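Once you've had a glance at the structure underneath, I'll fire off some questions.
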There are 2 protein chains.
Amino acid sequence: MEKAHDVLIRNLGEHTALADDDMAEIRALTFMLRDFAPNEDFIRQGDEPEHSALVVSGMVARYHLLGSGRRQYLAFHLTGDLPDAQGLFIEQMDHGLSALGPASVAFIPHRELFIAFRRRPTFALAVWRETLLDAAIFREAITNNSARPMQARMAHLFCELFYRARAAQLVRGNRCRMPISLAQLGETLGMAIATVNRTLADLRRSGAMDLRDGELVVLKWRELQRLGDFSAAYLYLKRQSPPLA
Amino acid sequence: MEKAHDVLIRNLGEHTALADDDMAEIRALTFMLRDFAPNEDFIRQGDEPEHSALVVSGMVARYHLLGSGRRQYLAFHLTGDLPDAQGLFIEQMDHGLSALGPASVAFIPHRELFIAFRRRPTFALAVWRETLLDAAIFREAITNNSARPMQARMAHLFCELFYRARAAQLVRGNRCRMPISLAQLGETLGMAIATVNRTLADLRRSGAMDLRDGELVVLKWRELQRLGDFSAAYLYLKRQSPPLA
DNA sequence: CGAATAGTTGAAGCCGGTCAAATGGTGTGG
DNA sequence: CCACACCATTTGACCGGCTTCAACTATTCG
């Protein structure tokens, strides 16, 4: 079992060259590990957090709650991600976080992080980069949900998740865990459940991918990419993984 | 005429306490000022920028171009904004920037910025904050375009722009410049031009606001806020402006 | 075994997209 | 000064895709 510190170091190392002193600083941080059940909230809209979260295993979601009561998922996070790094500078959370499937999350005190930033500016820059990658993913989500037809929209989401899962070494062969319900997909992509189901059925029928029992299987990567109008360029903030196919 | 340096200092000062040395460092930066005509591009998707932009006057837009040729606007920027601060860490731009109306933009070499960051960490944190505010705006756009009905969607956009314009001291009385066409509104909110027009007509009829001749007039702020399900909480990264009504 | 939840499928209706045409303002050139 | 072209806006009519609603199935868990 990889330790929480190592998960963070590996992820930041994807885009930033960390010196030994940087890693030592990270290892000296306090990580409070907690396990969460599926769909359990652990940060709520309106909270004023004093810790940053690190996904150690499982999948984590960020979401808005609207005045109408409706829920909108904003992003999903995998092992190694810092899903609320922006909380370091925000007085009040504008969105909540919850576990998707079972997940374990480490919490790091803001105070310690700021001290570490001062001592190791490279570490601060690395976390900054993480927040910028986040922003690039948000931008793509705006475009995806606003301008792409339903099938492409869904295909694009799975392309992104599969690509990121691969970078996080969570893909075995051509499959990875993806514990997300149809209702949640609908609240992510802005479509009704019935449409989610029918669109997913179309994708299955295309032979490019399957999603079943909380597992995503990509059978024809290039085809899925084509259907989703997906180009990984916006994720290249990270060092590029070896080409996928 | 406020100088470019002062515009930046004022904007960063909204959320970060800058020491005299920070301001001196900012004033020492090279600002290359350029004027742009309406709808002129100045950074293109795919570029590898070596300068950061600062909006000195006018309005600036960020947009994606899709494989289908369709355009999706991602965000609008006002005087004082750093619309591509994330370019500091991104090898390749995932989106383009253009002027909306006539605009003047200052360009600052990345090299100088990194040196200034090293000398004045507070300056770096202030720019980081700017990028996080950006991200909060992106998140809200995802929700807006995915989960809100047409009228609320449009009302929300104008609430945000008016609120930010006010913070940037661009509001005179109850109006501010807003040089955006119906077509561009459609490419922002993900609706067809015909729908944009009809929705805008509804908003006019409600008496809450008007948009005409490139100028936004807010007649009933509370009502507009209600129609748009708008809460400024996600912008509170900035010091809160005095309440609006 | 029964209740609850997730997924699947069908039918109906409407919202918003698409297409087309008319209006109005602006700037250019005759 | 008028004629014309061009562009943004406005409005109407049609149509299709998506939402809504409902029923049914499958699976899980008490």
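From the list B:Ala28, B:Ala17, which one is more than 14 Å from every other protein chain (Cβ to nearest Cβ) and of a type in the set (Gly, Ala, Ser)?
Unique residue meeting the criteria: B:Ala28.
Let me ask something else. For the stretch B:170-199, name all the residues that are within 15 Å of DNA strand C (Cβ to nearest atom), more than 14 Å from chain A (Cβ to nearest Cβ) and in a loop (DSSP other than H, G, I, E, B).
B:Pro179, B:Ser181
Could you tell me which numbered condition B:Ser146 fails, if it satisfies all but one of (1) more than 16 Å from DNA strand C (Cβ to nearest atom); (2) in contact with a Gly (Cβ under 7 Å, 6 or more places away or on another chain); (3) closer than 21 Å to A:Phe138 by Cα?
(1)
Moving to a separate point now. Has the stretch A:200-210 got any residue that is buried (at least 17 other Cβ atoms within 10 Å of the Cβ) and away from DNA strand D (no atom under 16 Å from the Cβ)?
Yes, the stretch A:200-210 has at least one match.
Looking at the stretch A:179-207, I want the residues that are assigned by TED's automatic domain parsing to the domain that holds A:Arg222 and have a partner that is in a loop (DSSP other than H, G, I, E, B) and within 8 Å of DNA strand C (Cβ to nearest atom) with Cβ atoms under 7 Å, at least 6 apart or on another chain. Which pairs are those?
Close Cβ pairs satisfying both conditions: A:Pro179/A:Gly214.
I would also like to ask the following. Checking B:Ala183 against (1) surrounded by 19 or more Cβ atoms within 10 Å (Cβ to Cβ); (2) under 22 Å from B:Tyr63 (Cα atoms); (3) of a type in the set (Gly, Ala, Ser): exactly one of these is not met. Which one?
Every listed condition holds for B:Ala183 apart from (1).
Can you tell me which residues in the stretch B:84-109 are within 15 Å of B:Glu40 (Cα to Cα) and either touching an Asp or Glu at 6+ places or on another chain (Cβ under 7 Å) or assigned to a loop (DSSP other than H, G, I, E, B) (or both)?
Within the stretch B:84-109, B:His95, B:Gly96, B:Leu97, B:Ser98, B:Ala99, B:Leu100, B:Gly101, B:Pro102, B:Ser104 meet the criteria.
For the stretch B:214-233, give me the residue count where each residue is surrounded by 15 or more Cβ atoms within 10 Å (Cβ to Cβ) and touching a residue at least 12 places away in the same chain (Cβ under 8 Å).
13
Given (1) modelled with pLDDT of 95 or more; (2) more than 30 Å from A:Phe36 (Cα to Cα), where does A:Pro121 come up short, assuming only one miss?
The failed condition is (1).
Let me ask something else about it. Kindly indicate whether any position in the stretch B:115-138 is more than 12 Å from chain A (Cβ to nearest Cβ) and of a type in the set (A, V, I, L, M).
Looking through the stretch B:115-138, at least one residue is more than 12 Å from chain A (Cβ to nearest Cβ) and of a type in the set (A, V, I, L, M).
Applying the selection to the stretch A:200-214, what residues are touching a helix residue (DSSP H, G or I) at 6+ places or on another chain (Cβ under 8 Å), assigned to a helix (DSSP H, G or I) and more than 9 Å from DNA strand C (Cβ to nearest atom)?
A:Asp202, A:Leu203, A:Ser206
Also, quick follow-up: Could you tell me how many of the residues in the stretch B:58-80 are assigned to a loop (DSSP other than H, G, I, E, B), in contact with a strand residue (DSSP E or B) (Cβ under 8 Å, 6 or more places away or on another chain) and hydroxyl-bearing (Ser, Thr, Tyr)?
1
Something else about it: Considering the stretch B:29-57 alone, what residues qualify as being out of contact with any His (no Cβ under 9 Å at 6 or more places or on another chain), farther than 14 Å from B:Asp84 by Cβ and part of a loop (DSSP other than H, G, I, E, B)?
B:Thr30, B:Ala37, B:Pro38, B:Asn39, B:Glu40
State the number of residues belonging to the stretch A:52-66 that are more than 14 Å from chain B (Cβ to nearest Cβ) and either surrounded by fewer than 19 Cβ atoms within 10 Å (Cβ to Cβ) or within 16 Å of DNA strand C (Cβ to nearest atom) (or both).
Total satisfying the criteria: 1.
One residue is enough: does the stretch A:67-75 have a residue meeting the conditions exposed (fewer than 15 other Cβ atoms within 10 Å of the Cβ), without any contact (Cβ under 8 Å) to a residue 40 or more places away in the chain and within 9 Å of chain B (Cβ to nearest Cβ)?
Scanning the stretch A:67-75 turns up at least one residue that is exposed (fewer than 15 other Cβ atoms within 10 Å of the Cβ), without any contact (Cβ under 8 Å) to a residue 40 or more places away in the chain and within 9 Å of chain B (Cβ to nearest Cβ).
The values are calculated or read from the model by the stated rules, or taken from the named source; none is laboratory data. Owing to the predicted nature of the structure, the values given are computational and were not obtained by experimental measurement. Every residue, glycine among them, receives a Cβ derived from its backbone with ideal geometry; neighbour counts consider all protein chains shown.
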